[in-house]
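To keep things clear, I will list the structure first and then write my remarks on it.
The values are calculated or read from the model by the stated rules, or taken from the named source; none is laboratory data. Keep in mind that this is a model prediction, so the values were computed, not measured. Note that each Cβ is placed from the backbone with ideal geometry, even for glycine, and that neighbours are counted across all protein chains shown. For accessibility, only protein heavy atoms count, side chains too; no ligands or nucleic acids. Shrake-Rupley method; radii C 1.70, N 1.55, O 1.52, S 1.80 Å.
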Amino acid sequence: MLTVIPNNHVETITRLSGQAIRDFLFQADAREFKGEANIAIRSFKTNPLDFSDDNLITYGADAVEAINYPVRIEVRGRTPEGAAQMVAKGIWGPKREAAAAIIGQKCKELGLGIHLKLAGTSSIEFNIEGVDKSTPIFFLKGAFEDVLKEMNYRPGSHIDSRQTKTVIAADGDGTVYDGPRVGFLPTLAESPVKDVLCAYLQAGGIFMLISGNDLNRSFKRIVDALPKEVYCRVLVAANGGAELVYVNPEGKAVPVTGYRKQALDLAQDISHQHILDMVYIGDDGSKEGNDYSAFKAMGFKNAVLVAPEFLADYDPALKPCYAGGLLEGTRKYLENFLKDRIKE
């Protein structure tokens, strides 16, 4: 089974999510919201025709420029078979969860086989059923040696991951770099995580970014800040786990062979999985959040939660792995991880 959303389902999701966005903007009172939400609601009241499905898709068409439009529908990773992921952005507050439930129920009634996740403050992410942040983790466990060979992995100064199977996987926004803001897309280059992540990669460890965001956007945000000599130790999974690429010597993204066709099958086959020295770092401990599947796939004892505080709706099983601190929490954890592995 492919990790992509078929083309005919793309059209249905566009229609359902576009209507949900317009319903919210029509009913919302701008005085109850701040920032981009306030601006979007007032813009809709003035020019509702600007928020047609065609316009929302257009606003979300370019992976880089999309951040300038707080209300949009992104169709990510488009191929002849369909889309790797879709994202509807533009419903804020508690109404978003209710809207997602309604859309999810309609998708179920239509037999689309689609899984919905909430992300950020106003986004609903759509992936084919079974695809989430656990998918690249299970794939790497099942095809570890093949992936290392394909990405042309070379050991570093202290770690040979062919032997130690050392991998750090992490979320992007709020974990490795700051989250996006209208008109600005923070990258690893400005992050306090940069220096220690580079040190870890130069030591020889493998790093896999697992992002719910657009693949091209996520790739640039991290790879552009890395020295070329560590490209052979970097993987980027994005579009909600629907795609996995490695970095070639020229700094370009190259799809990992067989991922789209085999990842879902490998995720369900635990009989051929390598035991890896692997952790996952994320900033969302809620069971409905998009980090939770990765935490579960890794096992909570190999999870690191860097959320600013431990919220009431977080799984209590994550409490022992709570580090806090967002980017600073990630930086401190990586420093300790690197010290331990170098000692070994």
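Residues considered: Gly82, Gly35. Of these, the only one that is buried (at least 17 other Cβ atoms within 10 Å of the Cβ) and at positive phi is Gly82. Listed conditions (1) modelled with pLDDT of 95 or more; (2) not in a helix (DSSP H, G or I) are all met by Leu2, apart from (1). Among residues of the stretch 109-120 that are under 21 Å from Met1 (Cα atoms), none has a Cβ under 8 angstrom from a residue that is open to solvent by 50 Å² or more (accessible area, probe 1.4 Å) and of a type in the set (S, T, N, Q) at a sequence gap of 6+ or on a separate chain. Counting only strands (runs of 3 or more DSSP E) that sit wholly inside the stretch 213-294, those with at least 3 residues that are under 17 Å from Thr135 (Cβ atoms) and in contact (Cβ under 8 Å) with a residue 12 or more places away in the chain are 234-238, 243-247, 277-282. The residues of the stretch 30-83 that are in a strand (DSSP E or B) and either in contact with a helix residue (DSSP H, G or I) (Cβ under 8 Å, 6 or more places away or on another chain) or closer than 18 Å to Ser122 by Cα (or both), listed by number, are Arg72, Ile73, Glu74, Val75, Arg76, Gly82, Ala83. The set of residues in the stretch 51-73 being of a type in the set (Phe, Trp, Tyr) and in contact with an Asp or Glu (Cβ under 9 Å, 6 or more places away or on another chain) consists of Tyr59 alone. Taking the criterion of being open to solvent by 40 Å² or more (accessible area, probe 1.4 Å) and farther than 18 Å from Asn290 by Cα, the residues of the stretch 91-119 that qualify are Lys95, Ile102, Gln105, Lys106, Lys108, Glu109, Leu110, Gly111.
For the stretch 137-163, taking the residues that are touching a Phe, Trp or Tyr at 6+ places or on another chain (Cβ under 8 Å) and assigned to a helix (DSSP H, G or I), the one that is farthest from Cys198 (Cα to Cα) is identified as Phe139.
Among the residues of the stretch 292-302, those identified as within 22 Å of Tyr177 (Cα to Cα) and open to solvent by 10 Å² or more (accessible area, probe 1.4 Å) are Tyr292, Ser293, Met298, Asn302. Quick check on my filter: what residues within the stretch 198-212 are touching a residue at least 60 places away in the same chain (Cβ under 8 Å) and under 22 Å from Thr135 (Cα atoms)? Selection gives Gly205, Met208, Ile210, Gly212.
Against the numbered list (1) more than 28 Å from Pro186 (Cα to Cα); (2) charged (D, E, K, R); (3) open to solvent by 50 Å² or more (accessible area, probe 1.4 Å), Arg22 comes up short only at (3).
Tell me yes or no: at least one residue of the stretch 185-205 is over 30 Å from Ala88 (Cβ atoms), touching a Pro at 6+ places or on another chain (Cβ under 7 Å) and modelled with pLDDT of 95 or more.
yes
Between Thr175, Thr166, the distinction of being within 12 Å of the chain's Cα centre (by Cα), among the hydroxyl-bearing types (Ser, Thr, Tyr) and at pLDDT 95 or above belongs to Thr175 only. In the stretch 229-248, the count of residues that are closer than 27 Å to Ser122 by Cα and open to solvent by 10 Å² or more (accessible area, probe 1.4 Å) is one or more. If the condition is being β-branched (Val, Ile, Thr) and surrounded by fewer than 24 Cβ atoms within 10 Å (Cβ to Cβ), then the stretch 195-218 contributes only Val196. Figure legend. Inter-residue proximity from the stretch 31-44: first residues at pLDDT below 95, second residues of a type in the set (A, V, I, L, M, F, W, C), beta-carbon distance below 7 Å, spacing 6+ or different chains. Indicated pairs: Glu36/Val182. In the set (1) over 15 Å from Ile137 (Cα atoms); (2) aliphatic (A, V, I, L, M); (3) open to solvent by less than 20 Å² (accessible area, probe 1.4 Å), the condition left unmet by Val254 is number (3).
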